[in-house]
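One structure is given below, encoded as structure tokens.
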Amino acid sequence: MIPARGYAAPDARSPLTPFQFERREPGPRDVQLEILYCGVCHSDLHMARNDWGFSPYPLVPGHEIVGRVVRVGRDVKKFQPGDLAGVGTMVDSCRACADCRDGYEQYCKVQGVLTYGSPDKDGKTFTQGGYSDSVVVDEHFALKVPANLDPAAVAPLLCAGITTYSPLRHWKVGPGQKV
């Protein structure tokens, strides 16, 4: 296991407090990131306060993550140590069900794993988010961050940015159109 430090909500009413925990070891297709930046999303607040009724505690929020790759699994093809990478709201899925095969991993009912608050694929731990110093994620759910971009400015794009951009692209909204 990998020792990690972060800020966790110990329950639905308390402020975030320093928290030490363990991350699972990277598997063959995983990358381990040293977290450099993490955005703050309103969903983080909803989960910390258990507004949706399924928050496991202690809970380390944060799903707009940019970090430096420090370790890669033996089958990783996209990344090498030193690369900048971004992670959004998911860290794994089954990739075999119809939704996953169609590119809709967020609807995976077999083994969708959120960045925080989900049973991790090791079957022993819950995922903890980016208000911490490291994260382990399947390379399929990590994005390369170009070196010419400001990593602090990239972090919010991994949730708020894509949430806004995705429907515009889906509906082919262009210049001169009203939304």
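The values are calculated or read from the model by the stated rules, or taken from the named source; none is laboratory data. As the structure is a prediction and not an experimental result, all values here were calculated from the model. All Cβ positions, glycine included, derive from the backbone under ideal geometry; neighbour counts span all protein chains shown. When the accessible area is computed, the model is the full protein with side chains, heavy atoms only, and any ligands, DNA or RNA have been set aside. Shrake-Rupley method; radii C 1.70, N 1.55, O 1.52, S 1.80 Å.
Would you check which residues across segment 1-20 are open to solvent by less than 40 Å² (accessible area, probe 1.4 Å) and assigned to a loop (DSSP other than H, G, I, E, B) and list them? Once the filter is applied, which keeps residues that are open to solvent by less than 40 Å² (accessible area, probe 1.4 Å) and assigned to a loop (DSSP other than H, G, I, E, B), segment 1-20 yields ALA12, SER14.
The C-beta contact set for segment 112-129 (first residue more than 20 Å from CYS97 (Cα to Cα), second residue of a type in the set (Asp, Glu) and open to solvent by 50 Å² or more (accessible area, probe 1.4 Å), distance under 8 angstrom, 6+ apart or interchain) comprises THR125/GLU22. Taking ASP51, is it out of contact with any strand residue (DSSP E or B) (no Cβ under 8 Å at 6 or more places or on another chain) and either among the charged types (D, E, K, R) or open to solvent by less than 20 Å² (accessible area, probe 1.4 Å) (or both)? Yes. Once segment 21-54 is narrowed to residues that are farther than 23 Å from ALA9 by Cβ and assigned to a loop (DSSP other than H, G, I, E, B), the residue that is farthest from the chain's Cα centre (by Cα) is PRO28. Just wondering, is there one or more residues in segment 79-99 that are open to solvent by less than 20 Å² (accessible area, probe 1.4 Å), more than 23 Å from LEU157 (Cβ to Cβ) and of a type in the set (A, V, I, L, M, F, W, C)? No: segment 79-99 contains no residue that is open to solvent by less than 20 Å² (accessible area, probe 1.4 Å), more than 23 Å from LEU157 (Cβ to Cβ) and of a type in the set (A, V, I, L, M, F, W, C). Here GLU105 meets the list (1) touching a Leu at 6+ places or on another chain (Cβ under 9 Å); (2) farther than 28 Å from PRO10 by Cα almost entirely, failing just condition (1). Scanning segment 57-68 for residues that are touching a residue at least 40 places away in the same chain (Cβ under 8 Å) and either open to solvent by 30 Å² or more (accessible area, probe 1.4 Å) or under 11 Å from VAL31 (Cβ atoms) (or both) turns up TYR57, PRO58, GLY67.
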